[in-house]
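Reading through the structure tokens given below for one structure.
The values are calculated or read from the model by the stated rules, or taken from the named source; none is laboratory data. In this text, all values refer to a predicted model and were calculated from it rather than measured experimentally. Methodologically, a virtual Cβ is constructed for each residue, glycine included, from the backbone with ideal geometry; neighbour enumeration extends over all protein chains shown. When the accessible area is computed, the model is the full protein with side chains, heavy atoms only, and any ligands, DNA or RNA have been set aside. Shrake-Rupley method; radii C 1.70, N 1.55, O 1.52, S 1.80 Å.
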Amino acid sequence: MKRRDVLRTLAAGVPAALLSSRTSAGSLPGFTRLLDPTAGLHFDPTWESLRQFATPAWYQDAKFGIWAHWGAQCQPGAGDWYARGMYEEGSRVYKYHCAHYGHPSKVGFKDVIHQWKAERWDPDHLVGMYKNAGARFFVAMANHHDNFDNYNSAHQPWNSVNLGPRKDLIGGWAKAARAHGLRLGVIVHGAHAHLFYEPAQGSDNEGPLKGVRYDGTLRKEDGKGTWWEGYDPQELYAQDHPRSTGNDTGKMWEWGNGAAVPGKAYCDKFYNRTIDLIDQYEPDLVYFDDTALPLWPISDVGLRIAAHHYNRSIERHGRLEAVLNGKVLNEEQRKCMVWDIERGRSNQIEPFVWQTDTCIGSWHYDQRRVDENTYKSPAEVIHGLADIVSKNGVLLLNIPVRGDGTIDSKESAIVEAVGAWMKVNGEAIYGTRPWNVFGEGPAMEKAKPIKDQGFNEGGEAFGAQDFRFTTKGDALYAICLARPDRGTVSVKSLGSECALRPQQIRRVEVLGGGTLHFERSTDGLTISLPERDATRPEALAFKIV
């Protein structure tokens, strides 16, 4: 019998209430101290070997992280996928770029990078703010599909130390995160640059510059006398290949449907850049914006990076402390890493810990969100967090950063409001586990199914009948997702004849407000609220023992 299977057999004898959300002895409270299933492990670059993964306790308990989806594409302040959209004739971003920078045959994305200075960036201030908001880990963007490395990259000359800000951004974020006692994560999108930049090979189909090629096919020898002399644009744009057939952006993640397949040199460079990132900055969490793993299944690069990330973690800590995120995972792959759902949530309690990555606005900073007042409200963030945690999930929330390295006043207000709620109610979030059911209430019937890699969040109208449940030790937490409009709330799942919690209820308190009167009947648990608690914003958390 394999070592992993022995451990799972031993774990099977532990009461179900103590089992972690990953079927492994490694996350069992107390049991870890007797036998850590990840100590001394070695991972090989195969899916079978990666199944030895067990969710680290720090991540399973953290529940809430904040990240900075920040790079050169934030400099224009015009939203997502700027480095692609600026080459798509007639698109909103193309029109913005022509109006503010010039035509993409003359001013390409390389020139946007040149103008990005990050002159007001203060990572210590921002990470300190996020810690006060209740985040237990911080994640920074190492690169996006724009192929620009935000660190001192040994294998990508187009990086933030050589160009643009001329600063080691990941190094600065890492120093700040560790100074504030937060775990560090990095996000990596760079595997898709090969396809992301394909429109940069094109030209206008109409107008005065019809047929004049954009700058995506420029080469090093074309830079004589320019600011970028000595740099090869193909190291950035990676367009030494025919364009893909069709117009389905989904092919960027699936490497099918006519997608141009990158060669060995491209894959090797991505591998070397990512290994360099892991070895230099030693992140505990690595997030890949990929289906399963980068460049899978056309290359084993992702498998080799995953094994290296896990093995390096064991070398540093004596046990596996690493987390690896990937999207659109099948059931077997979810045993190898942490499933990430983009802008979405599972609609059930998952057997393994999973993650939502989402944002209060656009991924890259977008001034329109400020002008149109379309950021998520603090209540939306808190409701999402409660819903995710109740289903065995972790929330990773992006706070968009402006090109100069600051966040705006509306973002600051949201961060502060979430922090105020977490200071009172964090007990119902941190270190908790799912209950027998994740919740109750009318909103459950309106939940949308996951589409592709997620995209099913939003649209819920939570009321005082909507609850999400978490547990810790002997305590059950019932989080009411709206302001009660009267002096009582009722939890139907806790009726006197309900099998979900047959034991006697001895005490009910509202976090931050003391013990409350309650009555238990066949219809549910009715809790009486003082007037001051009836007006508390966002959500109320009840502790039931």
With all pairs of different alpha carbon atoms counted, what Kirkwood hydrodynamic radius in Å does region 447-492 show?
-> 12.9
On each of the three principal axes of the Cα atoms of region 474-545, give max minus min coordinate, whole Å, ordered largest first.
-> 32, 23, 19
Under the definition of Cα pairs under 8 Å and six or more residues apart, what whole-number percent is the relative contact order of region 37-188?
-> 23
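Got the relative contact order for the chain handy, in percent, Cα pairs under 8 Å and 6 or more residues apart?
Here the relative contact order equals 16 percent.
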Would you give the gap between the C-alpha center of region 298-375 and the C-alpha center of region 478-521, rounded to a whole Å?
-> 34
Between Rg and the Kirkwood Rh of the chain, both from Cα atoms, what is the Rg to Rh ratio?
-> 1.00
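Given the pairs Lys63/Lys376; Lys131/Lys376; Lys63/Lys335; Lys335/Lys423, which are separated by over 23 angstrom at their Cα positions? Can you show the working numbers first?
On the way: Lys63/Lys376 19 Å; Lys131/Lys376 19 Å; Lys63/Lys335 19 Å; Lys335/Lys423 33 Å.
Long pairs (Cα-Cα over 23 Å): Lys335/Lys423.
Determine the calculated [θ] at 222 nm for the chain from helices alone, applying -39500 (n - 2.57) to every DSSP H run no shorter than 4 residues and normalising by the residue count; nearest 500 deg cm²/dmol. Display every interim value, and only then the final one.
Details: 18 runs with 151 residues, N = 545.
Helices in the chain give a 222 nm mean residue ellipticity of -7500 deg cm²/dmol.
Could you list the GluC sites (Glu not before Pro) in region 294-339 that lie in coil according to DSSP, counting only those with at most 14 other Cβ atoms within 10 Å of their Cβ? Intermediate values should be presented prior to the final figure.
Values: sites: Glu315, Glu321, Glu331, Glu332; in loops: Glu321, Glu331, Glu332.
Counting only loop positions with at most 14 other Cβ atoms within 10 Å, the GluC sites (Glu not before Pro) in region 294-339 are Glu331, Glu332.
What whole-number value in Å² describes the accessible area per residue of region 311-449 for a 1.4 Å probe? If you can, show how the numbers build up before the last one.
Working: 4610 Å² over 139 residues.
On a per-residue basis, 33 Å².
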Suppose every K and R has +1 on its Cβ and every D and E has -1 on its Cβ; what is the size of the dipole of region 158-205 about the Cα centre, in Debye to the nearest 20?
-> 480
For region 145-162, in order, what is each residue's ³J(HN,Hα) by Karplus, 6.51 cos²θ - 1.76 cosθ + 1.60 with θ = phi - 60°, in whole Hz (x at glycine and Pro)?
-> 5, 6, 6, 9, 7, 8, 7, 7, 7, 7, 10, 10, x, 7, 9, 6, 7, 7
Gap in Å between the Cα centre of region 70-137 and the Cα centre of region 261-283?
-> 23
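Quick one: dipole size for region 360-472, taken about the Cα centre, charges +1 on Lys/Arg Cβ and -1 on Asp/Glu Cβ, in debye to the nearest 20.
Dipole magnitude for region 360-472 comes out near 320 debye.
Restricting to DSSP loop positions (anything but H, G, I, E, B) with no more than 11 other Cβ atoms inside 10 Å of their own Cβ, which trypsin sites (Lys or Arg not before Pro) remain in region 412-495?
Arg486
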Mind listing the long-range amide H neighbours of Cys359? Cut-off is under 5 Å, sequence gap 5 or more, other chains count too, H placed in the peptide plane at 1.01 Å from N.
-> Asn398
In vacuo Debye scattering of region 104-221, one point per C-alpha: log10 I(q)/I(0) at q = 0.10, 0.19, 0.21 Å⁻¹?
-> -0.41, -1.03, -1.16
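Please report, in debye to the nearest 20, how large the charge dipole of the chain is about its Cα centre when each Lys and Arg carries +1 at its beta carbon and each Asp and Glu carries -1 there. Present the calculation step by step, with values, prior to reporting the outcome.
Details: 64 positive and 68 negative charges, 240 e Å.
Dipole about the Cα centre, nearest 20: 1160 debye.
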From the residues Gly172, Gly318, Gln201, which one has its Cα farthest along the dipole of the chain in the positive direction, the dipole being from +1 and -1 charges on Cβ of Lys/Arg and Asp/Glu about the Cα centre?
-> Gly318
Name the lysines eligible as straight-distance cross-link partners of Lys264: C-alpha to C-alpha under 20 Å, and not fewer than 8 places from it in the same chain.
-> Lys251
Whichever lysines have a C-alpha closer than 24 Å to that of Lys110, once near sequence neighbours (fewer than 8 apart) are set aside = Lys95, Lys167, Lys210, Lys220, Lys224, Lys269
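Accessible area per residue of region 130-230 at 1.4 Å probe, in Å²? Don't skip to the end; give the middle numbers.
Values: 3720 Å² over 101 residues.
Ligands and nucleic acids excluded, the figure is 37 Å² per residue.
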Among Ser244, Pro262, Pro45, pick out the residue whose Cα is farthest towards the positive end of the charge dipole of the chain, where Lys and Arg carry +1 and Asp and Glu carry -1 on C-beta, about the Cα centre.
-> Pro45
Three principal axis extents, largest first, for the C-alpha atoms of region 322-466, in Å?
-> 42, 35, 28
Sorting Ile278, Val381, Phe352 by the position of each Cα along the dipole of the chain (Lys, Arg +1; Asp, Glu -1; all at Cβ), the one nearest the positive end of that ordering is Phe352
Cys498 accessible area, nearest 10 Å², 1.4 Å probe?
-> 40
So which trypsin sites (Lys or Arg not before Pro) in region 146-186 end up in coil per DSSP with only 14 or fewer other C-beta atoms within 10 Å?
-> Arg166
Would you work out what percent of the accessible area of the chain, with all protein chains in place, is carbon or sulfur (probe 1.4 Å)?
-> 50
Over the Cα atoms of region 40-85, what is the Rg over Rh ratio if Rh follows Kirkwood?
-> 1.24
